[in-house]
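Written out below as structure tokens is the structure these notes cover.
Bear in mind that the values in this text are calculations on the coordinates, not laboratory data. Nothing here was measured: the structure is a model prediction, and the numbers come from that model. In this analysis, Cβ positions are derived from the backbone assuming ideal geometry, glycine residues included, and neighbour counts consider all displayed protein chains.
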Amino acid sequence: MSRSIVVTGLGAVTPLGENFSISWNALIAGRDAQAPLDLFDTTGCRCHHAASATPPPLTDLPAKTIRRLARASRLAIPAAREALASAGLLDAEGLSTLRELPFSVATTAGGMALGEDFLRRVLARGHSHRSPLFSRVSRYLPQQQVLDVQQALGFAGHSVIIANACASGANAIGHAADLISVGAADCVLAGGFEALTELVFVGFDCLQATSIDRCRPFDLNRSGLLLGEAAAFVVLESAEHAQRRGATPLCHLTGYGHTTDFFHLTQPKPDGAALVEVMRAAATQARIAPAQIGYINAHGTATAVNDGVEATAYGAFLGDALGSTRISSTKAAIGHTLGAAGAVEALFAIEALRSGRLPPQLNLQTPIPEIAPALVGAKESSSDMQHVMSVNLGFGGSNAALVFSRSLSP
Amino acid sequence: MKIELAVIGQGAVSPAGVGVDALLHREPAPASVAALGQPDQPWPVLRVDLKDPAFARWQREPRLRRASSMTFFLVEAAEQALAGVSPADRAETGLIVAFSAGCITYSRRFFEGIVRQGMASPALFPETVFNSPVSHVASVLGLNGAAYALVGDETAWVAALKTASVWLQKERVRQVLILGAEEFDPIVLDAYRSVRWLRRQTSANGFLASEGAAGILVRRAGPEDATRITTARDGFIYRTKKEAALAAERLLSESDPAKPCYQSAQHNWLGSLEKRVTENRPLAPVDDRPYLGEAFTASAAWHILRALSCLNDQVPRLLLPVWGLNHQLGLLELETRKKSEFPRQDADDRLF
């Protein structure tokens, strides 16, 4: 059994805005969200900036509930709510009209900041057995943010939390499509969330993977990534389910591929073979040739190793079509949002397909020659695109690619 | 969700020892470890003996030179479950690993470095990522298929089984190795103590912190496959004990009351709830199985293996509730088929 899948709702909170449309308009306008980081102390780090988001107010939740939420939940709840609202799946009370709604979610750190706080207090040995802070330790685990979203929006049902590092968000959306495709679900809320935390920030900083300059994906002078935070969700449905309830499809999800690159825990194989394979798998499932892809939202972290390998892989995958397919990494604008990256970047690719407007490659000075003809310039548009792709890589060799299409290919 | 997964391989690492036989029959010996925040008060815990000769070959693997103890549990359990599988078939095997806390020791050590010394080790950070052990296992054992790290409480196993079923239906892989793993670190004692989950030596209330891994190799069930997992249900979410009670009643009320139930909530706060909702049901006949402590996704895997071992001609089907400790409840249905239930060859074949 294989059913066609449509996207009917989008929602996001990003460093560029508290909802998806604000984020998209800022992205297209060429804004980037890099700013000094004040969420925690960065003394001793090389890098002191990031792309942090402003959690929108959660006016319909009790203050006590809000106080207990991890920052990650403060990002995830409004993003999920926006996705359900745009799909027409929220009732007058702001709750899901589907009380049983499968939930496919990605994150890498969950509510880690709560865990950090707990550990800091344990190490200080200033705690007491009854400290209410300690009862919050269980809230740092990712399933607690999933539960926060489920309870805030009034739905239950199957949930799956995928933690495939920075490819997780694409995996979560692709897995949701798989569930629908085989008939295991009719409608799935899918996406990812990530909040900036000290452990992760210092982790990338001590690997010298963060930049002390601007984030410059696909630039010869790139010097590292910009860390960010975000939450983004899509509503995926079978085409029949969407039609039955009168929902308007935004586009089709036509291809999903995922592979594992064994070369190294933190570096892709230099020839990009696994990345080429994952893009081919996604395109094959979508029944399209690489040249039919109008835009690729690239992983493009701006680290020395990643972008070079990625450029090589796009050359191998696209061949002569490299110049006609447009490519950009939106991490220059919103930072690397880790577990949320695959989801928020998929949303940007979908909106590029729908609007014909292309996210520009920001902060570019001297492009990597192999990919230079493909990189999106300022105010570029392409109204006749039929297919777009979103690509992600992660620690552990996780690779994932998604294809979104205006309509199904014959 | 109806699934039709044939269980074709099993592997386990637990405080009782290496292997499924130890899991079923051997009594583990508790050790005493103090919580980080309370160094003068030791707690009984159940640990895996990493000096067991079974781990020696993995400790020589270059890829695993910086790996966490949990990775060694995983790779050993995985290799047991894959026994006899050819390299060619391994290349078409998917891998799903369920975690609750993940590489907690490296995460604690890394952050402790930040707090105490104001610096952290770059060698540790990549190993703190949830899917690093998954990548190690896939690389060392040559599993080239799809690979997911899933996170959650014990019910992450239900999600893993559903995911495997989907991959097999989509023909993304030929078979799937599903594992659960956790490792012990003193910080978990502080965490469990704070939510009153731990058991003192003099009391039966609360659990012993534990560690280990276990897994099963599954494929789409064919007519000749005897041991199967046929149903995987989850989504019975709760935040409070009251919500958990309602979820448990609903979970069991939606299942066949005639099928025996395997009780698995040992010494945790869900134990009394399990007793209540299963009191009017037939129970799976379980021998005195040694108590292995609580290790979340690893415990869930141990219970699956132990429940599978209960299946026989007299108990061909049973229900295995999956008691998630901090998100949701789930349920699996397991069955074994007698040879007489296998489909017969057609008449023409039998003539010749």
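Just a few scattered comments:
- Whole-Hz Karplus values for the stretch A:208-221 come out as 6, 8, 8, 9, 9, 9, 6, 7, 10, x, 6, 10, 4, 9 Hz, taken residue by residue from phi with 6.51 cos²θ - 1.76 cosθ + 1.60 and θ = phi - 60°; glycine and proline positions read x.
- Start at zero, step by 20 Å, and the Cα-Cα distances of chain A spread as 30, 59, 11, 0 percent across the bins.
- Alpha-carbon radius of gyration plus Dmax, which is the widest Cα pair, for the stretch A:255-405 in Å: 13.7, 40
- Taking amide H as placed 1.01 Å from N in the peptide plane, the amide H of A:HIS336 sits under 5 Å from that of A:LEU226, A:LEU227, A:GLY228, each at least 5 places away or on another chain.
- Packing-based ranking, highest mean first, of A:53-60, B:5-12 given that Cβ atoms within 10 Å are counted: B:5-12, A:53-60
- Inter-chain Cβ neighbour count for A:199-207, averaged per residue, equals 6 (cutoff 10 Å, partner chain atoms only).
- Rounded to the nearest 10 degrees, the angle from helix B:69-81 to the longest Cα principal axis of chain B is 20 degrees.
- The residues B:VAL97, A:VAL305, B:VAL277, when put in order of fewest to most other Cβ atoms within 10 Å, stand as A:VAL305, B:VAL277, B:VAL97.
- From its DSSP helices (H runs of at least four residues, each -39,500 (n - 2.57)), chain B gives a residue-normalised ellipticity at 222 nm of -9500 deg cm²/dmol.
- Taking the Cα centre of the stretch A:5-244 as reference, the dipole from Cβ charges on Lys and Arg (+1) and Asp and Glu (-1) amounts to some 800 debye.
- Within the straight-line cut-off of under 29 Å between alpha carbons, the lysines reachable from A:LYS379 are A:LYS331, sequence neighbours fewer than 8 places apart in one chain being disregarded.
- Scoring B:224-233, A:105-114, A:226-235 by mean Cβ neighbours within 10 Å over their residues and listing the highest first yields A:226-235, A:105-114, B:224-233.
- Taking the DSSP bridge list for the stretch A:255-405 and keeping only pairs wholly inside it, about 65 percent are antiparallel.
- Averaged over B:138-151, number of beta-carbon atoms from partner chains that fall within 10 Å: 6
- Note on the protein assembly as shown: the alpha carbon radius of gyration divided by the globular reference 2.2 N^0.38 Å gives 0.91.
- Ascending count of other beta-carbon atoms within 10 Å, so fewest first, for B:THR336, A:THR303: B:THR336, A:THR303
- Cβ neighbours within 10 Å from other chains - mean over B:239-246: 1
- Cα convex hull of the stretch B:227-339 - mean projected area over all directions, nm²: 6.7
- Computed [θ] at 222 nm, deg cm²/dmol, chain A (DSSP H ≥ 4; -39,500 (n - 2.57); rounded to nearest 500): -10000 deg cm²/dmol
- Scalar couplings 3J(HN,Hα) for the stretch A:102-113, obtained by applying the Karplus form with A = 6.51, B = -1.76, C = 1.60 to θ = phi - 60°, are x, 9, 10, 10, 10, 6, 10, 10, x, x, 3, 4 Hz; x denotes Gly and Pro.
- Calculated FRET value between B:ASP89 and A:ASP320, using beta carbons and R₀ = 25 Å, to 0.05: 0.10
- Shape category assigned to the stretch A:5-244 from the gyration tensor of Cα positions, a/c cut at 1.5: oblate
- Fewest-first ranking of B:SER100, A:SER2, A:SER390, A:SER96, using other Cβ atoms within 10 Å as the exposure measure: A:SER2, A:SER96, B:SER100, A:SER390
- Charge context of A:GLU380, other residues only, Cβ under 12 angstrom, K/R +1, D/E -1: +3
- B:ILE8 long-range amide H proximity, modeled H, under 5 Å: B:LEU217, B:VAL218, B:ARG219
- For B:LEU82, the amide hydrogen comes within under 5 Å of no other amide hydrogen, counting only partners 5 or more places away or on other chains and with H modelled in the peptide plane.
- Cross-link partners of B:LYS241 among lysines, defined as those whose alpha carbon lies under 27 angstrom from its own and excluding same-chain residues fewer than eight positions apart: A:LYS64, B:LYS162, B:LYS259, B:LYS275.
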